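Shown next, in structure tokens, is the structure this report addresses.
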Amino acid sequence: MTVAVPRSLDEAFAALAAEPDAHLLMGGTDLMVEVNYGHRRPTAVVSLDRVPELRGWERSADGRSVLVRSGLTYTEMEIGELAESFPALAQAARTVGGPQIRNAGTLGGNLGTASPAGDTLPVLAALDATVVLGAAGGAQRELPWDEFIVGVKRTAREPHEIILGARLPVRRGPQEFLKVGTRNAMVIAVASVALVVDLDAATVAVGLGSVGPAPLRAREAERWIAERLAFDPLGISSDGDPETLAEEFGRMVAGASRPIDDHRSSAVYRRHAVSVCARRALLRALSPQVVGT
Amino acid sequence: MVNSGTGLSIVTDPSVVSASGRGVIGESVRRPDGTPKVQGRFAFSSDLWAEGMLWGATVRSPHPSARIRSIDLSGAWQIPGVRAVVTYDDVPGNKMFGLEHADQPVFAHDVVRFHGEPIAAVAADHPDTARRAMEAIVVDYEILTPLVDPEIAIAEGTPPIHPDGNLFRRLVIRRGDMSVSGDVVVEGTYEVGMQDQAPLGTESGLAVPDDDGGIDLWISTQWLHADQAQVAASLALPEAKVRLHLAGVGGAFGAREDCSLQIHICLLALQTGRPVKMVYSREESFFGHVHRHPARMWYRHHATRDGRIVKVEGRFVFDGGAYASTSSAVLANATCFSTGPYKVPAVDLLGLAARTNNLPCGAMRGFGAVQTCFGHEAQMDKLATTLGIDPIELRLLNAMQTGDSCITGQIVTGALPVEEVIRSCAEAPMPVLAEPVDSPMMALPGGAGRTADAAGVKRGVGFALGWKNLMFSEGFDDFSTASCHLLDGVATVKSACAEVGQGFVTLAQQIARTVLGVDDVILAPADTHIGSAGSTSASRQTWMSGGAIELACRTVRQKLLSHVGAAFGVSVDDLDIVDRRIVSRHSAKPVIDLDVADAAPGVAFSAVEEHHHAPTFRLDENGQGNAHVSFAVAAHRAVVDVDVELGLVRVVEITTSMDVGKVLNPLQLLGQVEGGTAQGIGLAVMEEILLTAGKVRNPSFTDYLIPTALDMPPVNVAQLVEVPEPGAPFGAKGAGESPTISSTPAVVAAIRNATGRELPRTPVRPHDIAL
């Protein structure tokens, strides 16, 4: 097995050109488990974790979006201005592994693996994020998240491409991320729900994780609830009883899930969990003052 | 952090070693391997290395039940760097092994009986070469339908899946007037899932051949001499030519009592004439050791209207998996302790251990008592509810004490402070706990997942009491051997006792310091150059090997005092050792006051002693007899928060009391209490190996979940009840297993209390509560 450790993006593309079948490595939190378990025996690896162009994040000139680069770690998502702009992403990042894993694991890795249980993916779905792919010579293309993730652990990335990052539209409004697992930390999601309110566009977006082959959106439920909420510059409110509204919303969101039975849970429980979490997420968004962190 | 009703304070400040500064009995002596382990400098068995060493790998069956039509090894031999490939045919001696019954083939040859059963082993220059060789071996299987239901396995007419049949043991315990019926009858069927010991260190070892056809094996094990006997038998070598040395053990909990890779690597080393190292991967480890028996238990309790138990009926079915391991002894424990430490005048009990195509099961912390404790404590709560009696009062009303008879007819002659344990735990003031609505999101059920709605979190409290035997039972003489050598104030003690984390490493030194009045005690490496110490299991090493060390040290002490007495012309009976000094007693003349280290310059004193416990006996056809040496009791009170809608649980607090005889090392005892409680919590809410048609579905730490820091509450030790145990060194009982037994039922009782659900099965899964 050859391991290339490029120090720049150009070097990375050159390394990839030299070994077209190379597996890309960022934090290693997925790849190393697969290697250790013998599930994957890459003949070549291109390690991207020392490529400076893949670190950090930046706000667009108009301030309406943020480019989160693929080397951004979960720990970095949890704190500071980025966490203030995207609280659901920060909450999702906090649910990943233990501190050491969060120091190593990255957004690019989460996207590249494209596991149905990838913790940041429902948030990216709810934000309508796009994925930026780069190729040698500065070529780039940008795909909506649902054109990037095309199946269970399958993406539209071409072998010569590197995930540069994800572009996240800035949404003004409450955000929530809830993840159900059978342990209180360091656990693979049995089901997860991301909820993003856009006060300016008067929309609600819901991303679901671990209840389908890829992250799902609950578009019918999103439209239904948006029609029943009042959006004002400070938050959302409902005319009727929030509990009743949220209950129905939860039921509709669960209807959008496509869970399976596996060793981690059952489809029946997962659908139930989605319903409960969506309801709670909406109620928290309706009363942001009681939202804990 | 922890206080005790005995007035004993547990030292948690690591800078405080001991009150005397000498590290004698009763002090929190710190482990010499503690700091290296925390710093990553401790050499575990997986860190072993030898010049010219080869790497071993094991070919395993992907099927739980199959007939092997053929094994083609040629692919492996074609890979450069492959030095040996061995199968059943290459085993020169006994082709079968086993801890109690040699019923397991060293390699499967005609049939496969469990998922992951070894078929062949290879040795190669590099671990990757060994792995590729393993993958190049072609086994032609005729896949058979696995027999996975223990009830079907032992039903009449079911074909045996092994020449020894499908029944490991059938144990009847009958006593008293079995025709009696209670005013009140409660009935229940309970289930316990398959728990893994989940030691962080996987199975590993290094075998080094010598020039004389013999072999040295450095191994992570619980019992060097049991391994030695099995390895020697399979290699057709005299035991003297198979020398075992304890390597750094990364946890055991029962998983290292049976042979895993021991015979395989020795075979590879002898074939190649080179050292061979093998380290199981995490996944392989789940297939490479025995597990806790899954159990299905039916109970019917009869009681008078005022709450006295008059009879217990029960039928317990334990799934032993493919091979015997210790199933027979596990079943005996489960059945003997199935009614709890309560006075039960009549019993009609049937225990059954079955052979199936599931993973082999054997020893795990608590050894059978864990499963039936889950059942009897659920029954006690059910009885209390039916009678309208407080569950603590009901337990006190029926509590056994010294002098009472067990259901086996054995009269308890040692300490059995059941009432003290119950009272101190149940009546301990409840610590101040934040209400769910005042708790940070992270401290609510669901933890980091932020799923909880604080207003919907229900709090519950549960209590449970458990007991089990210490040492081996049913006539087994599990003696221990130790030596002591004293020269110029330096004592060297030796035992083959396997240090697996339990703390013998400090206790042996504490005992020697206390008996001999020396400060410097060297604990020699554990190996088979000395007689057996028995297994590090059954809560027995402090008593058995600690006792052997004490005996050897006392003999040496007597020799030293005789020497000094002769030199000064005083009787040995007039001499004593106080702290570091040899002194004459009361009125003896001349007055002697010598430092132990200076008392006999250049003169060495040595002794080797065996320590045997009181004899035990087999159970008769009605399950009656003095089968056990000693008993220990513990209680847990658990507080849980439950997100009822999602079925997620967080254990908020655990209070415990334990019957320990005497505390020898408070800090280490706390380690056992916390660790055992954590393992019990794991079985209550998350730990289970899932099998479908005999195939393991979660052989990884991604999917076999064990408690994290967010799942483990603070442990409040209400009381360590110190009633000295006759016959035990310094009166100390073993404490390794008690914390694991009652913690599981206490947590599940608390979840029942919070949710009103019956929850007859552990671990409790989210859907058991939510759906």
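Details
- Each Lys and Arg adds +1 at its Cβ and each Asp and Glu adds -1 at its Cβ; summed about the Cα centre, chain B shows a dipole of about 420 debye.
- Using a probe of 1.4 angstrom and keeping all protein chains present, the accessible surface of region A:2-169 works out to 42 square angstrom per residue.
- Here's the picture: charge each Lys and Arg Cβ at +1 and each Asp and Glu Cβ at -1 in chain B, and of B:Gly623, B:Ala508, B:His302 the one pushed furthest to the positive end of that dipole is B:His302.
- Here region A:2-169 has 51 percent of its accessible surface on carbon and sulfur atoms, given a 1.4 Å probe and all protein chains in place.
- Evaluated with a Cβ-only charge set (Lys, Arg +1; Asp, Glu -1), region A:175-286 carries a dipole of roughly 620 debye about its Cα centre, given to the nearest 20.
- For the peptide B:701-711, the mean number of other protein chain Cβ atoms found within 10 angstrom of a residue's Cβ is 4.
- Mean Cβ count within 10 Å, highest first, over the residues of peptides B:335-343, B:125-133, B:567-575: B:335-343, B:125-133, B:567-575
- Counting Lys and Arg as +1 and Asp and Glu as -1 over every other residue whose Cβ lies under 11 Å from the Cβ of B:Gly731, the net charge comes to 0.
- Per-residue mean of C-beta atoms belonging to partner chains within 10 Å, peptide A:27-40: 2
- Carbon + sulfur, % of accessible area of chain B - ligands and nucleic acids excluded, 1.4 Å: 53
- Packing here is the average count of other Cβ atoms within 10 Å per residue, and on that basis the peptides A:21-29, B:246-254, highest first, run B:246-254, A:21-29.
- Look at the alpha carbon pairs under 8 Å that are at least 6 residues apart: their mean separation over the length of region A:175-286 gives a relative contact order of 27 percent.
- Whole-number accessible area per residue in Å² for region A:175-286, which is evaluated in the context of all protein chains at 1.4 Å: 36
- Magnitude of the charge dipole, region B:478-611, Cβ model with Lys/Arg +1 and Asp/Glu -1, debye to 20: 160
- Environment charge of B:Pro199, counting only residues whose C-beta is closer than 14 Å and scoring Lys/Arg +1, Asp/Glu -1: -2
- Partner aspartates and glutamates whose Cα lies under 12 Å from the Cα of B:Lys382, excluding those fewer than 8 positions away in the same chain, are identified as B:Glu187, B:Asp390, B:Glu758.
- Peptides ranked, highest mean first, by Cβ atoms within 10 Å: ranges A:13-20, B:64-71: B:64-71, A:13-20
- The orientation-averaged projection of the convex hull spanning the C-alpha atoms of region B:643-771 amounts to 10.0 square nanometres.
- Contact order normalised by residue count of chain A, Cα under 8 Å, 6+ apart, percent: 14
- Between B:Gly375, A:Val204, B:Leu167, the Cα set farthest toward the positive side of the dipole of the protein assembly as shown (charges on each charged residue's Cβ, about the Cα centre) is that of A:Val204.
- Chain B: relative contact order in percent, alpha carbon pairs under 8 Å with at least 6 residues between: 16
- Total formal charge among the other residues, if their Cβ is under 15 angstrom from that of B:Asp164, Lys/Arg +1 and Asp/Glu -1: +2
- Per-residue mean of C-beta atoms belonging to partner chains within 10 Å, peptide B:438-449: 6
- 1.4 Å probe, heavy atoms, protein only - residues of region A:253-271 losing at least 40 Å² accessible area vs chain alone: A:His263, A:Tyr269
- Taking every protein chain into account, the accessible area of region B:684-771 amounts to 30 square angstrom per residue (probe 1.4 Å).
- Ordering B:His225, B:Ala428, B:Val633 by the projection of their Cα atoms onto the charge dipole of chain B, which places +1 on the Cβ of Lys and Arg and -1 on the Cβ of Asp and Glu, puts B:Ala428 at the extreme positive end.
- The long axis of helix A:242-256 is offset from the longest Cα principal axis of chain A by roughly 40 degrees.
- Within straight-line cross-link reach of B:Lys37, lysines at Cα separation under 22 Å, skipping those fewer than 8 residues along the same chain: B:Lys277
- DSSP H segments from chain B that extend 24 Å or more along their own axis, Cα-based, with Kyte-Doolittle mean of -1.0 or above: B:369-387, B:541-568, B:666-685
- Chain A against chain B buries an accessible area of about 3100 Å², both chains summed, 1.4 Å probe radius.
- Helix A:267-286 vs. chain A, principal-axis angle (Cα, 0 to 90°, nearest 10): 70
- Helix A:9-18 and the long axis of chain A differ in direction by around 60°, with both axes built from C-alpha atoms.
- Per residue, chain B reaches -7000 deg cm²/dmol at 222 nm when only DSSP H runs of four or more residues are counted, each adding -39500 (n - 2.57).
- When the pairs B:Lys241/B:Lys494; B:Lys241/B:Lys662; B:Lys343/B:Lys733; B:Lys458/B:Lys695 are compared against a 32 Å limit on Cα-Cα distance, B:Lys241/B:Lys662; B:Lys458/B:Lys695 fall above it.
- Over the protein assembly as shown: Kirkwood hydrodynamic radius from C-alpha pairwise inverse distances, Å: 31.4
The values are calculated or read from the model by the stated rules, or taken from the named source; none is laboratory data. Because the structure is predicted, anything quoted here is derived from the model rather than measured. Please note: Cβ atoms are built from the backbone with ideal geometry, for glycine as well, and neighbour counts cover all protein chains shown. In case anyone asks, the SASA skips ligands and DNA or RNA and just uses the protein heavy atoms, side chains included. Shrake-Rupley method; radii C 1.70, N 1.55, O 1.52, S 1.80 Å.
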